[in-house]
Ligand SMILES: [Fe+2]
């Protein structure tokens with residue numbers, strides 16, 4: 001049964017993404033996805049989607065490698081923040097409090113058991129539109145851009161991990177997120193694990209990294225308005241030379257309609273439409289899939305692309321060779 005602490009986290013707030021091809025990645029997010037750049041600090045551009053109430057959701061940082069930096073999660077209250085910080089500190093994974101930065105108040109930094117850097121915060125700045133992006137309706141964060149993919153908001157993040165069980169237990173028992181679905185491996189343990197913070201069917205996901213590396217990034221997803229927008233996103237990516245890895249198609253697990261692409265820096269980005277599916281039952285039991293059920297493929301039968309468990313960022317040595325071998329059927 002759900003307990004009060006299951007509602008301590010509000011939502012995924014922002015993600016730092018590293019790219020070795022900064023200008024091309026910026027072009028992808030700003031011009032193709034239709035995000036707006038709201039700040040530039042050092043080697044980082046801060047970008048936002050049009051219907052986000054906070055100042056930014058993506059911090060794009062020029063780097064020698066690709067991969068994910070710190071992920072920010074907002075709590076539902078200052079008390080919830082204190083509760084979760086106390087729980088994290090008990091695990092020894094806490095790094096301490098960090099000073100406020102663009103759009104976000106003080107935050108508590110920590111790492112998950114696989115070494116992914118994260119932070120929790122409550123204080124935030126509401127985005128104030130200016131003459132360029134003032135919306136027609138006052139209940140909308142900023143004007144609909146009407147160009148490119150028109151990504152509406154950041155939706156979820158999926159981390160690769162060397163130990164799905166350890167990461168999943170941390171999110172269930174320390175972060176107090178609720179499980180929505182998971183893949184049980186024949187040999188014991190889990191191959192992937194999905195967590196939800198509220199009624200959306202997932203916000204945080206961990207998947208098995210077949211390379212065995214720690215702390216890698218699988219993808220994050222933007223939510224466009226509709227399933228049709230995901231199809232259009234595929235056409236727009238095709239026209240712009242963006243590598244399409246998989247989809248458009250419908251997931252079996254959690255049933256979102258998806259498209260996966262690699263942005264110019266090599267990081268996997270998803271456009272995912274959740275359609276009307278929400279989990280309203282606060283005590284909804286976790287849905288468990290066997291390896292055999294998973295092997296049947298996605299919702300309508302197409303097999304999962306093999307690079308899903310090999311391609312991650314930062315790249316491992318021989319990443320291209322590993323991805324190629326996976327596509328040919330061996331790993
Ligand atoms: Fe996803």
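Read-outs throughout are calculated quantities, based only on the coordinates presented, and are distinct from any laboratory measurement. Note that the structure is predicted; figures quoted are calculated from it, not measured. Please note: Cβ atoms are built from the backbone with ideal geometry, for glycine as well, and neighbour counts cover all protein chains shown.
When the label point is put 7 Å from the Cα of residue 41 along its Cα-to-beta-carbon vector, which residues of segment 97-119 have a backbone N closer than 13 Å? Those under the cut-off are 98-107. For residue 198 and residue 65, the FRET efficiency from 1/(1 + (r/R0)^6), where r spans their Cβ atoms and R0 equals 25 Å, is about 0.15. A convex hull fitted around the alpha carbon atoms of segment 197-238 yields 121 Å³ per residue. Summarising the strand pairing of segment 1-69, around 70 percent of its internal DSSP beta bridges are antiparallel.
Connecting C-alpha atoms closer than 10 Å in a GNM of the chain, tell me which of 268, 227, 106 has the biggest fluctuation. Maximum among the listed residues: 106. Based on the Kirkwood approach, the hydrodynamic radius assigned to segment 211-331 is 15.8 Å, with every pair of different Cα atoms included. Label zone of residue 3 (point 7 Å out along Cα→Cβ, amide N under 13 Å): in segment 158-176 this covers 172-176.
Restricting to the chain, what percent of DSSP beta bridges are antiparallel, rounded to 5? Approximately 75 percent, going by the DSSP bridge assignments. Summed over all non-identical Cα pairs, the Kirkwood treatment of the chain gives a radius of 20.1 Å.
Think of it as helices only: each DSSP H run of n ≥ 4 in the chain is worth -39500 (n - 2.57), and spread over all residues that comes to -5000 deg cm²/dmol at 222 nm.
Using the Cβ-Cβ distance between residue 139 and residue 228 with R0 set to 25 Å, the FRET efficiency from 1/(1 + (r/R0)^6) comes to roughly 0.60. As a ratio to 2.2 N^0.38 Å, the alpha-carbon radius of gyration computed for segment 1-77 takes the value 1.27. Under the simplified labelling scheme, the residue 76-residue 302 pair shows an inter-label distance of 3.7 nm, with each label point 7 Å from Cα along Cα→Cβ. Each principal axis of segment 125-202 carries a Cα extent, and these read 57, 27, 20 Å when sorted largest first. Looking at segment 25-183, the pairs of alpha carbons with a distance over 20 Å make up 57% of the total.
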